[in-house]
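Okay, structure first, notes after.
Just so it is clear, none of the values below were taken in a lab; they were calculated from the coordinates. Note that the structure is predicted; figures quoted are calculated from it, not measured. Glycine also receives a Cβ, built like all others from the backbone with ideal geometry; neighbour counts cover every protein chain displayed.
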Amino acid sequence: KVSVVLFTSDLRVHDHPPLRAALAAGDHVVPLFVRDDGIAAAGFAAPNREAFLRDCLADLDAALRARGGRLVLRSGDVADEVRAVAAQARADEVHVAAGESAYARSREERLRTALARDGRRLRVHEAVSTVVPPGAVTPSSGSGHFAVFTPYFRHWSRVRLRDPLPAPRTVRVPAGIDSAPLPPRAGVRGLSAGLPVGGEKAGRRRVSAWLRNGVMAYEDTHDDLPGDATSRLSAHLHFGTVSPTELVHRVREVGGPGAEGFVRQLCWRDFHRQVLAARPETASADYRPRRDRWRGEAPAGEEIRAWQEGRTGFPIVDAAMRQLLHEGWMHNRGRLLTASFLTKTLYVDWRVGARHFLAWLVDGDVANNQLNWQWAAGTGTDTRPNRVLNPVRQALRYDPNGAYVRRWVPELAALDGPSVHEPWKLPPEERAHYDYPDPIVDLAEGRDRFLRARDQRI
Ligand code: FAD
């Protein structure tokens with residue numbers, strides 16, 4: 001018996017229920033990844049994620065080869081390609097993990113229909129990209145999803161998790177299945193210079209290092225901008241090179257407040273996914289619509305560009321925005337304060353910021369990005385939607401000695417300690433030494449503009 005296993009956002013051999021089921025069902029499997037035209041057409045294949053994906057595919061192929069198999073790669077329409085591969089392999093069935101996005105659900109439907117035409121069956125396994133799949137815990141009344149994190153977390157924490165599966169020892173792939181060559185990372189243009197390496201091997205190494213040396217202190221250090229003391233597992237979770245279920249099991253074994261705080265953060269990921277699954281339109285529409293109108297993109301154009309390029313004149317904002325361009329990643333505290341700055345202080349539509357983040361983030365993810373942007377903009381699930389973060393106060397609190405700013409804004413590196421956060425306070429003769437812009441907005445005026453707009457027109 002031959003089965004096809006379709007990999008999507010679960011690019012690993014450990015803890016992979018569809019692969020396990022296919023191996024249990026017969027002697028041969030075809031591990032398949034389809035470079036899906038639908039995803040490319042949606043403009044989602046930004047260079048940083050494309051490069052990381054190429055690493056993941058090469059690594060998955062290597063892991064399968066070490067077990068006697070290989071990865072089959074196709075590109076085109078996913079339903080057509082899966083159907084063709086299943087026919088070429090004379091497979092009985094195709095295994096895939098359930099996806100929670102609207103796109104994944106429509107893909108399942110298309111696959112089912114395409115395969116049924118040849119009398120083949122699609123077997124959809126439980127979701128593997130969340131710890132608790134969307135819809136598995138629901139509030140007793142209302143909309144079928146949780147709109148507030150804390151009660152969701154309470155329910156989520158009580159769910160009994162399945163045990164993680166080991167990687168298979170052997171994978172036998174039938175001969176004669178056509179595959180496209182694996183595209184090398186080197187072929188991708190426009191990457192961030194400090195982009196990390198993708199793939200399950202790199203992901204598992206990072207998990208081990210994090211559990212040995214990192215997670216214990218997480219509760220105290222996760223907001224420390226210069227300390228850079230978070231796991232950096234987000235891209236691995238996005239591409240599924242790390243299993244979130246296995247991760248939670250392993251973190252709970254470590255135990256302690258750091259482990260608890262970290263598991264709570266992983267729950268945020270599932271929280272946003274269950275919101276998006278219940279309200280798919282919130283990928284672009286407001287979760288809680290507001291009647292006030294953002295400033296248009298054209299009048300705010302120069303300020304938007306300054307924000308994107310990290311030259312707003314607010315060193316903490318500029319440091320974070322430059323980290324994004326350089327690494328394809330930004331610290332969560334940086335994401336929060338730069339998003340508040342754009343949407344509230346500059347009063348620009350969150351979609352403008354979300355688009356820029358998706359163009360650069362290696363972990364760029366529709367659920368996490370769009371719904372965190374909405375949270376920061378006060379159109380999402382934040383229960384205090386009108387709070388405005390003051391970037392100077394944020395800087396003094398989370399980068400108290402200015403080391404993070406000096407790392408990313410080298411023009412200010414000669415300024416000592418926290419003075420680096422407010423260069424406009426320097427005496428003019430000294431200020432003139434620094435080739436660094438003046439603030440593009442008055443913080444108090446920006447804040448008032450936002451609060452007036454929200455108050456008056458709601
Ligand atoms: P850690 O602090 O080590 O956290 C561990 C994991 O928990 C993360 O890898 C992530 O999977 C999850 N997590 C942590 N915080 C959040 C959160 N607020 N929401 C959801 N999951 C979370 N995260 C993405 O994965 N993709 C995105 O596109 C994305 N866009 C964001 C945009 C904005 C405006 C904001 C405020 C946050 C965004 N986040 C996004 C959430 C968060 O900033 C990142 O997950 C985190 O910074 C990744 O670094 P880490 O892996 O070291 O995190």
Fill in the blank from the handout: Rg/Rh over Cα atoms for the range 96-135, Kirkwood Rh, comes to 1.03
Completion exercise
Taking Tyr398, Tyr404 and counting other beta carbon atoms within 10 angstrom, the fewest-first order is Tyr398, Tyr404
Handout entry: Share of pairwise Cα separations in the range 2-128, more than 25 Å, in percent
Key = 18 percent
Exercise for the section: Would you mind pulling out the separation of the Cα centroids of the range 47-125 and the range 1-39, in Å? Expected result: 6 Å
Fill in the blank from the handout: Expected sort for Lys201, Lys344 with the fewest Cβ neighbours (10 Å cutoff) up front is Lys201, Lys344
Handout entry: Value of [θ]222 nm, deg cm²/dmol, for the chain, DSSP H segments ≥ 4, -39500 (n - 2.57) each, nearest 500
Key = -13500 deg cm²/dmol
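Convert 20 °C to kelvin, take the viscosity as 1.002 mPa s, use the Kirkwood radius over C-alpha pairs of the chain as Rh, and evaluate the Stokes-Einstein diffusion coefficient in µm²/s, rounded to a whole number. Show your work: numbers first, answer last.
Values: Rh = 23.6 Å.
Calculated translational D: 91 µm²/s.
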Handout entry: Rel. contact order, % - alpha carbon contacts under 8 angstrom, at least six apart, the chain
Key = 17 percent
Problem - Degrees separating the helix 350-360 axis from the principal Cα axis of the chain, which is the longest one - result: 60 degrees
Exercise for the section: Note down the Stokes-Einstein diffusion coefficient of the range 301-457 in µm²/s, whole number, using a Kirkwood radius over alpha carbon pairs, 25 °C, and 0.890 mPa s. Expected result: 155 µm²/s
Exercise for the section: Would you kindly derive the ³J(HN,Hα) couplings of the range 153-162 from the backbone phi angles with the Karplus curve 6.51 cos²θ - 1.76 cosθ + 1.60 (θ = phi - 60°), listing them in order in whole Hz, with x for Gly and Pro? Expected result: 4, 4, 5, 4, 5, 8, 5, 7, 8, 5
Completion exercise
As straight-line cross-link partners of Lys201, the qualifying aspartates and glutamates (C-alpha separation under 14 Å, not fewer than 8 residues apart within one chain) are Asp10, Asp15, Asp55, Asp59, Asp61
